[in-house]
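Below you'll find the structure, written out as structure tokens, and then a few comments.
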Amino acid sequence: MRKKIVAGNWKMNKTLQEGLALAKGLDEVLAKEKVNCEVIIGTPFIHLASVCAAIDTQKIGVAAENCADHASGAYTGEVSAAMVKSTGAEYVILGHSERRAYYGETPEMLKTKVRLALDNGLTPIFCIGEVLDERKAGKHFDVVKAQVEQSLFDLSAEDFSKIILAYEPVWAIGTGETATPEQAEEIHAYIRGVIAAKYGKQVADDCSILYGGSCKPSNAKELFANPDVDGGLIGGASLKVEDFMGIIRAW
């Protein structure tokens, strides 16, 4: 039975004090409520240790939003997978479309980051997805297949089974556009098929694939009703406790 997951990605938002208040607010609500999915929050690096110490990490998993593609060394400003793990975080978001587009992250770099994350006991939340031009050209299936193959298919079946995937239609992030539930299901099912062709049906069936394109309390239930959509990677709506809880409650 694969996991249902609602994961927040705060991106470059919230000061340390604001982030702590948000995390504690979420923690207080979840302490009183039984939910039907795993909850993860992805915070900026400077928040990780403080947030992990301030909340019940049995109820809320904590993710870094990135890690370096080197284990250690003279890489000023970078944060290694080992450093992330040392804060108490258990997850790391890798391959986000913004990292690929703005910081030139390549499939080869991401392959290295995935390996370092796994070697340090972190669970990667690995992002894939197409931009608008690729969707319009009908290349979206080819794009996501290549992103999975190039960065993940060197892994053993055992290691691949530790990965959470997040499909993000880049054209629907922060634009107010959302893939229809049918579009989301179509590509999630396709991704699962790509995994099955490489690793077999069992590994594919056990892989959680999250939807990451403008998921909100108003559309979460409809998106999550799809058999191959296992939750969401949530941007803007994760910055307010009530909005984020609205998506968690969709399960």
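Quick note: the coordinates plus some simple rules give every number you see, no bench work behind them. Computed from a predicted structure; not experimentally measured. Backbone-built Cβ (ideal geometry, glycine too); neighbour counts: all protein chains shown.
Some points to look at:
- Near Ile209, once Lys and Arg are set to +1 and Asp and Glu to -1 for all other residues with Cβ below 13 Å from its Cβ, the sum equals -3.
- Computed magnitude of the charge dipole of segment 9-69 (debye, nearest 20; Cβ of K, R +1, Cβ of D, E -1): 140
- Charge dipole (debye, nearest 20) of segment 5-248; +1 at Cβ of Lys and Arg, -1 at Cβ of Asp and Glu: 260
- Farthest toward the positive end of the dipole of segment 163-251, out of Ile248, Ala220, Thr180, is the Cα of Ile248, where the dipole comes from beta carbon charges about the Cα centre.
- For Gly231, the residues whose amide H sits under 5 Å from its own are Ile5, Tyr211, ignoring neighbours fewer than 5 places away on the same chain, with H placed 1.01 Å from N.
- DSSP H segments from the chain that extend 24 Å or more along their own axis, Cα-based, with Kyte-Doolittle mean of 1.6 or above: none
- Straight-distance crosslink candidates among lysines, where the alpha carbon sits under 18 Å from Lys34 and sequence neighbours closer than 8 are dropped: Lys3, Lys4, Lys24, Lys59, Lys221
- For Arg2, net neighbour charge (Lys/Arg +1, Asp/Glu -1) across residues whose Cβ lies under 12 Å away: -2
- Dipole magnitude (debye, nearest 20) for segment 124-179, charges at Cβ of Lys, Arg, Asp, Glu: 140
- Amide H within-cut-off set for Leu94, under 5 Å, with H built and near neighbours excluded: Ile125, Phe126, Cys127
- Annotation for segment 107-152 versus segment 160-174: alpha-carbon center distance of 8 Å.
- Trypsin sites (Lys or Arg not before Pro) restricted to segment 6-85 and DSSP loop, no more than 16 other C-beta within 10 Å: Lys32, Lys34, Lys59
- Listed residues Ala146, Ser238, Ile46: farthest to the positive end of the dipole of segment 5-248 (Cβ charges): Ile46
- For segment 185-247 versus segment 12-46, the inter-centroid distance based on Cα atoms is 20 Å.
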